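Enquirer: My structure is below; once you've seen it, I'll send some questions.
The values are calculated or read from the model by the stated rules, or taken from the named source; none is laboratory data. Here the structure is a predicted model, which means the values were calculated and not measured. Counting neighbours? That spans all protein chains shown, and the Cβs are built from the backbone with ideal geometry, glycine included. Quick note on the areas: whole protein, heavy atoms, side chains included, nothing else; ligands and nucleic acids left out. Shrake-Rupley method; radii C 1.70, N 1.55, O 1.52, S 1.80 Å.
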Number of protein chains: 2
Amino acid sequence: MSDISAPTLHTKKFVNDPANFVPEMLEGLALANSDTLKYIPEYNIIHRADRPVEDKVSVIQGSGSGHEPAHVMAVGPGMLDAACPGGVFSAPPMEYVYECTKLMNTSKGVLHLINNYQGDRMCWDMAREMSETDGIKIGTVIIDDDVSVENSTYTTGRRGVAGNFFVIKACGAAAEMGKELEELVGIGRKVNDNVRSMGMALGGCTPPAKGEPLFVLGDDEIEVGIGIHGEPGRRRDRMKPADAIVEELFEAVASDIPFERGDNVGLMINGLGGTPISELYLLYRKAALLAKDRGYNVIQNYIGEYCTSLEMPGFSITIVRLDEELESLMKAPASVPIRVFA
Amino acid sequence: MSDISAPTLHTKKFVNDPANFVPEMLEGLALANSDTLKYIPEYNIIHRADRPVEDKVSVIQGSGSGHEPAHVMAVGPGMLDAACPGGVFSAPPMEYVYECTKLMNTSKGVLHLINNYQGDRMCWDMAREMSETDGIKIGTVIIDDDVSVENSTYTTGRRGVAGNFFVIKACGAAAEMGKELEELVGIGRKVNDNVRSMGMALGGCTPPAKGEPLFVLGDDEIEVGIGIHGEPGRRRDRMKPADAIVEELFEAVASDIPFERGDNVGLMINGLGGTPISELYLLYRKAALLAKDRGYNVIQNYIGEYCTSLEMPGFSITIVRLDEELESLMKAPASVPIRVFA
C-alpha cells in the first residue's frame, strides 16, 4: 500500500496512555455525576451513590468496555445499581465481579445480568460461587439475543448484544418495584426469550491498545451479522442502499422467534459508534414501515446508541415482544447519567 | 494511491437516493414521534403537534441539515416549537422559513434563532421582511460562539456552532414561561454573549450527495478549530494525546470572554458525529479538571452529541457562563424526541 496515510486514518483516537483508557473514561463519568454516582477505581466499579438499600434486589452487570453507553452509563434509578466493566473488549476480572457483588449485597440478593461470551460467563460463574459461599443470594440471567450466528469467536451459542438493554430496563424497573430475586430472574429470562437482534458494519474499529483496526472492509464491502467485538457475521456482501440493508436485518430478526402480526413490540435502531444519528433515523424509517407492513404495533421505539463497538460505523436492529407486564416495565421511570437536552 | 479501497471506506453511508437523505431522515423522526410531532414534507418542517398556542412566543430555527440532533431533534417542550432545515450543509430556502414562521405565528410573535452563516442570514432576513409585511412580530437572535477564527468560508464574523444549544434551551424555557418576544431576544443575546466554543477533527466527513470526504487529513494530522461544515480552522497540527488537545481547546475557549475564577458555568463536550461516547467522557475528564484548576464551578455538564458534522470524528468544547437567570433556564424542564433509556 503506497498510501500510508489512509489506514491510520481509522486509528486516530482520543486517548492518553491506552492502559488508562477505561479508568479515564470512568473518571470522566464520575466527575460528570459526582452527586449520584460513586467510582471505585480499584475494581472499575461505578455504582449508584444511594445503593445498596436493604429492601431491594441489586442489579449489576460487568462485561467488556468499548460498548458504551452499555453498561456503565446504564447505572441509575430503574436501571443498574452498579457496573464493573473489564478492559476494552475483555471480561472483567473475577474479583471485580465478586467485590461488586459484595458491595451491592442486600438481604434480597443480587441479580447478575451476563452477556453470553465465554469470558464473561467464566468470571461471573466463579464470582457467583464465591458469593454464594459467603451466603449471598445470587440470581443469574444470560443474554443471547443475536440471531446472526450460532457459536462465534468468543461464544458458545448466540452472542449477547443490544437486547441486553431491554433486560436491564425490565429487571431494573421490577427491582425498583420491590420484586424478589426469583421474580426478577423470571422477568429477565422472559425478556431474553422475546428479544432478537442483528447488526452489520461498514468498517472496523480500533481498540486503543491495539492501535490498528480489528478488521478492514473493502471500498464496497459490508459485514452482515457483525459481532460487537468485530467477530465475523454471516457473510460479507457488497454495499447496498440503506433500505435493502434494513430489509435483510429486519427479516432475519423478525423471522427468528418468529414475531407475529398483532404483536406489540419495541423497535430499536442501535448505532455501533461511528454512525451519525441522521442516518439512524433514516434507517428507522424503513424499519418502522416494515413493522407496519407485517402488522406489528410498535409501542416503543429506541433510536440512538445503546450498545456500541467503539467507533465502528454500522448499526443493529432489535425487536422485542412486549406483553402487558413488559410494556409497563419498559415505560417505568428510569434515569441514567447520559443527559440529552434537559 | 494503489490502495483504492481505503479512501472509499470513509464514503460508505446509509443512504438510498442522496436527494432523499434529509426527507427520509425527517420521515423517520416523524414516524418515531407520531403522537408529538408533525412533519410537513413540502417545507421540511418538523413542529410540535400542540403548537402554536396563542399565549406563547413560538421559537423556531432552520439551518443546514447534517448537524443532528441540532436542530430538528431539538423540537419539543421547553425547546424549539418548530424547525425547517435545508439540505445537508445548506441553508433552508427562504420559503421554508417564511412558511414555518406563518405556521407558528401567534399574537406574541415568532423568535428566529439564526446561526451566523451568510446563507442562513440571507434567507432568514428575507423571510423576516416578508413576515413583517404580513404583520407578524419577529425577534431575531444571531449565534456566533465559535472562537476558532474571525470570518470563514461561509461566514462573516464568527461561526455559530454548539453554543446554539444553550440559546435554544434558554429561549425555549423562557418562552414556555410566557415571556414576551423582546425579553426572549434579550435572553438569547445574553446567552450568546456568554458562550464560547471551539472544535477539532481527526478526519473529514462525506456529504451524501458529494460522495467523497470534504477534506482528508494525513495519518498523524488533526485540524484545530474545524468548522462544522469542514471549514478550515486555525491550523493543522500533529496528533497529540487527548489531554493535550483538550488543554488547547479549553484555553482558547476560556480565555476568549474571558471566563473568570468563581464563574458558574455549563461545560459541554460535543461529539462531531463519529467519536464514540467512551472517548467523549475521557475528554470530559480533562476538561472538568481544567475547570476546577481555574476555579470555575461546573454546575451543568453536557457530554454527547449536540451539534454534529455528519460522521466527522472530532469534538468541540463549549463553556457558557450562567448567572442565576440562565442557570434556572438551563435547569427548566425540557423534552426532545431523542430518548435515551426511558
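Enquirer: Restricting the search to segment A:1-31, which residues are of a type in the set (Gly, Ala, Ser), open to solvent by less than 10 Å² (accessible area, probe 1.4 Å) and at pLDDT 95 or above?
Expert: Answer for segment A:1-31, where residues must be of a type in the set (Gly, Ala, Ser), open to solvent by less than 10 Å² (accessible area, probe 1.4 Å) and at pLDDT 95 or above: just A:GLY28.
Enquirer: Considering only segment A:211-246, state which residues are assigned to a loop (DSSP other than H, G, I, E, B), open to solvent by less than 10 Å² (accessible area, probe 1.4 Å) and farther than 20 Å from A:ASP144 by Cβ.
Expert: Once the filter is applied, which keeps residues that are assigned to a loop (DSSP other than H, G, I, E, B), open to solvent by less than 10 Å² (accessible area, probe 1.4 Å) and farther than 20 Å from A:ASP144 by Cβ, segment A:211-246 yields only A:LEU217.
Enquirer: Quick check, is B:PRO85 in a loop (DSSP other than H, G, I, E, B), open to solvent by less than 40 Å² (accessible area, probe 1.4 Å), in contact with a strand residue (DSSP E or B) (Cβ under 9 Å, 6 or more places away or on another chain) and not charged (D, E, K, R)?
Expert: Values: in a loop (DSSP other than H, G, I, E, B): yes; open to solvent by less than 40 Å² (accessible area, probe 1.4 Å): yes; in contact with a strand residue (DSSP E or B) (Cβ under 9 Å, 6 or more places away or on another chain): yes; not charged (D, E, K, R): yes.
Judged against the criteria, B:PRO85 is a match.
Enquirer: Residue under question is A:ILE303, and the condition is that it be more than 18 Å from the chain's Cα centre (by Cα) and within 20 Å of B:ALA30 (Cβ to Cβ); does it hold?
Expert: no
Enquirer: Next question. Any idea which of A:ILE269, A:ILE222, A:ILE228 is in contact with a Cys (Cβ under 7 Å, 6 or more places away or on another chain) and within 14 Å of another protein chain (Cβ to nearest Cβ)? Spell out the reasoning first.
Expert: Values: A:ILE269 fails: in contact with a Cys (Cβ under 7 Å, 6 or more places away or on another chain); A:ILE222 fails: in contact with a Cys (Cβ under 7 Å, 6 or more places away or on another chain).
Step by step, each of A:ILE269, A:ILE222, A:ILE228 is checked, and only A:ILE228 is in contact with a Cys (Cβ under 7 Å, 6 or more places away or on another chain) and within 14 Å of another protein chain (Cβ to nearest Cβ).
Enquirer: Somewhere in segment B:62-71, is a residue free of Cβ contacts under 8 Å to residues at least 60 places away in the same chain, in the same structural domain as B:ASP144 (by TED's automatic domain parsing) and of a type in the set (A, V, I, L, M)?
Expert: Checking segment B:62-71: not a single residue is free of Cβ contacts under 8 Å to residues at least 60 places away in the same chain, in the same structural domain as B:ASP144 (by TED's automatic domain parsing) and of a type in the set (A, V, I, L, M).
Enquirer: Please go through segment A:252-276 and give me each residue that is closer than 14 Å to A:CYS307 by Cα and either among the β-branched types (Val, Ile, Thr) or in a loop (DSSP other than H, G, I, E, B) (or both), ordered by number.
Expert: The answer is A:ILE269, A:LEU272, A:GLY274, A:THR275.
Enquirer: Would you confirm, using the coordinates I've provided, whether A:GLU324 is touching a Cys at 6+ places or on another chain (Cβ under 6 Å) and either open to solvent by 20 Å² or more (accessible area, probe 1.4 Å) or assigned by TED's automatic domain parsing to the domain that holds A:SER65 (or both)?
Expert: So A:GLU324 does not fit the description; no.
Enquirer: Would you mind stating whether A:LEU282 is within 16 Å of B:LYS13 (Cα to Cα), within 19 Å of the chain's Cα centre (by Cα), open to solvent by less than 10 Å² (accessible area, probe 1.4 Å) and not assigned by TED's automatic domain parsing to the domain that holds A:PHE89?
Expert: no
Enquirer: It is to be established whether one or more residues within segment B:103-115 are open to solvent by 50 Å² or more (accessible area, probe 1.4 Å), more than 26 Å from B:VAL22 (Cα to Cα) and either at pLDDT 95 or above or more than 14 Å from the chain's Cα centre (by Cα) (or both).
Expert: Within segment B:103-115, one or more residues are open to solvent by 50 Å² or more (accessible area, probe 1.4 Å), more than 26 Å from B:VAL22 (Cα to Cα) and either at pLDDT 95 or above or more than 14 Å from the chain's Cα centre (by Cα) (or both).
Enquirer: Quick one: in segment A:305-337, which of the residues that are more than 9 Å from chain B (Cβ to nearest Cβ) and polar (S, T, N, Q) is nearest to A:ASP219 (Cα to Cα)?
Expert: Checked segment A:305-337; the qualifying residue nearest to A:ASP219 (Cα to Cα) is A:SER316.
Enquirer: For residues that are charged (D, E, K, R) and more than 14 Å from chain A (Cβ to nearest Cβ), scanning just segment B:54-75, find the one that is surrounded by the most Cβ atoms within 10 Å (Cβ to Cβ). Can you show your working first?
Expert: We begin by selecting, within segment B:54-75, every residue charged (D, E, K, R); these are B:54-56, B:68.
Among the residues that remain, those that are also more than 14 Å from chain A (Cβ to nearest Cβ) are: B:54-56.
Numbers: B:GLU54: 7, B:ASP55: 9, B:LYS56: 18.
Selected residue: B:LYS56.
Enquirer: I'm checking my understanding of the structure. Among residues of segment B:129-161 that are in a loop (DSSP other than H, G, I, E, B) and among the hydrophobic types (A, V, I, L, M, F, W, C), which one is farthest from the chain's Cα centre (by Cα)?
Expert: B:ILE136
Enquirer: Is there any pair linking a residue in segment A:122-133 that is in contact (Cβ under 8 Å) with a residue 24 or more places away in the chain and farther than 19 Å from A:TYR154 by Cβ to one that is in a helix (DSSP H, G or I) and open to solvent by 10 Å² or more (accessible area, probe 1.4 Å), with Cβ under 8 Å and at least six apart or on different chains, and which?
Expert: Cβ pairs passing all conditions: A:MET130/A:MET94; A:MET130/A:TYR98; A:SER131/A:TYR98; A:SER131/A:LYS102.
Enquirer: Consider only pairs whose beta carbons are under 9 Å apart and that are at least six residues apart or on different chains; among these, list those whose first residue lies in segment B:15-29 and is free of Cβ contacts under 8 Å to residues at least 40 places away in the same chain and more than 8 Å from chain A (Cβ to nearest Cβ) and whose second residue is among the β-branched types (Val, Ile, Thr) and open to solvent by less than 10 Å² (accessible area, probe 1.4 Å).
Expert: none
Enquirer: Does B:TYR296 count as open to solvent by 10 Å² or more (accessible area, probe 1.4 Å), among the aromatic types (Phe, Trp, Tyr) and not assigned by TED's automatic domain parsing to the domain that holds B:HIS67?
Expert: When the stated conditions are applied, B:TYR296 passes them.
Enquirer: Let me ask you something else. Within segment A:32-53, track down each residue that is surrounded by 22 or more Cβ atoms within 10 Å (Cβ to Cβ) and either facing chain B (nearest Cβ under 9 Å) or without any contact (Cβ under 8 Å) to a residue 12 or more places away in the chain (or both).
Expert: Within segment A:32-53, A:ALA32, A:ASN33 qualify.
Yes/no matrix, rows are residues, columns are (1) charged (D, E, K, R); (2) in the same structural domain as A:TYR306 (by TED's automatic domain parsing); (3) part of a loop (DSSP other than H, G, I, E, B):
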{"site": "A:HIS112", "(1), (2), (3)": "no, no, no"}
{"site": "A:GLY119", "(1), (2), (3)": "no, no, no"}
{"site": "A:CYS123", "(1), (2), (3)": "no, no, no"}
{"site": "A:CYS171", "(1), (2), (3)": "no, no, no"}
{"site": "A:GLY186", "(1), (2), (3)": "no, no, no"}
{"site": "A:MET200", "(1), (2), (3)": "no, yes, no"}
{"site": "A:CYS205", "(1), (2), (3)": "no, yes, yes"}
{"site": "A:ALA209", "(1), (2), (3)": "no, yes, yes"}
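Enquirer: Follow-up. Restricting segment B:275-304 to residues that are touching a residue at least 40 places away in the same chain (Cβ under 8 Å) and facing another protein chain (nearest Cβ under 7 Å), which is farthest from A:GLY64 (Cα to Cα)?
Expert: Result: B:TYR302.
Enquirer: Let me ask you something else. May I ask you to list pairs of residues, at least six apart or on different chains, whose Cβ atoms are under 8 Å apart, with the first in segment A:305-322 being under 13 Å from A:GLY203 (Cα atoms) and the second being open to solvent by 10 Å² or more (accessible area, probe 1.4 Å) and of a type in the set (S, T, N, Q)?
Expert: none
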